[in-house]
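A.B. asks: Questions regarding the structure given below will be posed in turn.
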């Protein structure tokens with residue numbers, strides 16, 4: 001085999017391994033998030049949260065079950081092994097690299113991940129995508145990618161997801177209850 | 001004119017810490033409006049607001065030694081008043097206490113503003129969730145900026161801003177009569193008779 | 001418009017005086033506090049401070065460790081609540097959109 005052919009094989013193998021490792025990473029529910037450190041200085045506001053199982057356990061010990069908000073949190077995180085949030089707000093449009101957001105989105109094409117819903121609002125220039133990782137008929141991962149011209153948010157939740165409990169966060173943490181649902185009742 | 005009215009704020013504080021009741025009474029007179037109004041906007045009931053305001057001043061009396069300055073005193077009073085009110089609301093929610101028999105939409109004296117609109121707005125504020133209500137009261141009654149509100153409520157500043165933004169949207173829409181999602185608890189008119 | 005609305009909100013939330021006699025009622029409660037309590041507490045606190053300073057070095061390490069753990073725990077709690085808030089906020093956008101697209105079914109009695 002000539003050198004060019006060997007070189008090409010090496011490149012292809014490398015690319016396959018990269019894709020496989022990204023898929024493996026994504027397949028257990030946890031996404032590989034880019035290093036956004038350089039954005040922290042540019043952003044007017046930033047939220048960086050990394051809570052693995054150990055930190056979640058620690059947080060749970062400081063939640064007060066008699067407090068309605070804390071009680072809702074306790075219920076919502078049952079079965080969850082990790083929560084990762086990156087949210088950046090800027091003073092200028094598109095000050096964040098779209099390629100980084102796209103890199104996260106690519107991981108969600110790995111087997112098991114399904115797009116649950118995509119909402120595009122032309123008026124607010126807002127795009128929200130929600131993905132879940134389904135394994136053996138259970139949701140074992142959740143990913144949210146939300147982008148606007150001056151803000152983007154990535155949420156990744158690992159573990160057994162109870163969408164109903166997350167939905168029941170409405171009314172807590174300053175999140176409004178859906179008037180439509182109240183009207184249906 | 002009472003002698004205490006001639007004392008500077010720092011002198012009032014020093015004398016009150018030393019146990020002079022006239023000085024402490026002057027502090028009560030100076031801050032009663034602030035403390036009572038916070039309690040009233042949070043609890044929506046005059047009697048409960050007065051009880052809570054009295055407890056705040058009693059706690060102040062016991063804690064005078066820990067107050068460093070006049071500005072610390074103002075911060076301390078707001079913090080204790082609003083946090084006690086939030087605790088009271090949550091305790092009552094857990095014990096399923098009797099609902100309020102009236103929403104105390106009390107409006108302060110204002111020039112030529114529309115009293116009905118003001119009453120409506122005060123009612124709507126009283127229907128926000130405790131945390132959102134506290135943020136709105138501290139911002140628009142006490143004129144605190146979001147950083148000070150975050151410090152008073154021990155709340156992340158992003159959460160403060162989020163509460164402000166949502167509450168204004170909801171209040172504005174409700175006042176204008178638009179139907180949007182609500183961050184409200186059921187008002188008295190919506191409860192079953 | 002926004003500034004007008006905010007000013008209206010300020011007007012609606014103008015501070016209000018308590019019922020007349022509030023100061024007297026507070027001072028009456030203050031008068032019922034145990035006599036000399038505050039000066040007794042001051043003396044007691046001074047004695048305790050001296051004793052505590054002697055034992056301070058021995059317990060400092062354990063206290064700081066406990067304090068750090070508690071701070072970490074409270075910080076973890078704060079981050080958890082913030083993460084859930086952000087998550088709920090974005091789910092809310094999607095739920096609102098889905099409900100707008102799928103209005104509740106009408107009950108026309110047809111059984112369809």
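No lab work stands behind these numbers, since they all come straight from the coordinates. Everything quoted here is computed from the prediction, not taken from an experiment. Cβ placement follows ideal geometry from the backbone for every residue including glycine, while neighbour counts extend to all protein chains displayed.
A.B. asks: Mean separation of Cα pairs under 8 Å and 6+ residues apart, divided by the residue count of the stretch B:1-98: what relative contact order is that in percent? Please list the in-between numbers first.
C.D. replies: On the way: 71 pairs, mean separation 26.2, N = 98.
Computed value for the stretch B:1-98: 27 percent relative contact order.
A.B. asks: Compute the distance in nm between two label points, each set 7 Å from the Cα along the Cα-to-Cβ direction, one at residue C:7 and one at residue B:20.
C.D. replies: Once both label points are built, they end up 4.2 nm from each other.
A.B. asks: Per residue of B:24-37, how many C-beta atoms from partner chains lie within 10 Å of its own C-beta, taken as a mean? Spell out each step's value before the answer.
C.D. replies: Numbers: counts 4, 5, 1, 2, 7, 3, 1, 0, 6, 6, 1, 4, 6, 6.
Mean number of neighbouring Cβ atoms from other chains: 4.
A.B. asks: Oh, and also: Listed highest first by mean packing, meaning other Cβ atoms within 10 Å per residue, what order do B:21-34, C:15-28, B:43-56 come in? Numbers along the way, then the final one.
C.D. replies: Values: B:21-34: 19.6, C:15-28: 15.5, B:43-56: 21.1.
So the order, starting with the most tightly packed, is B:43-56, B:21-34, C:15-28.
A.B. asks: Using a simple spin-label model with points 7 Å from Cα along the Cα→Cβ vector, what separation in nm is obtained for residue B:74 and residue C:99?
C.D. replies: Calculated label separation equals 4.1 nm.
A.B. asks: Other chains' Cβ within 10 Å of A:68-80 residues: what's the mean?
C.D. replies: Mean shielding count: 3.
A.B. asks: A follow-up question, please. Gain in length, residue B:83 to residue B:151, computed as 0.36 nm per residue apart minus the alpha-carbon separation, to one decimal in nm? Let's see the in-between values first.
C.D. replies: Details: separation 68, 0.36 × 68 = 24.48 nm, distance 1.18 nm.
Taking residue B:83 through residue B:151 to full extension adds about 23.3 nm, to one decimal.
A.B. asks: If you don't mind, another one. Give me the distance in nm between label points sitting 7 Å out from Cα along the Cα-to-Cβ direction at residue C:29 and residue A:106, one decimal.
C.D. replies: 6.5 nm
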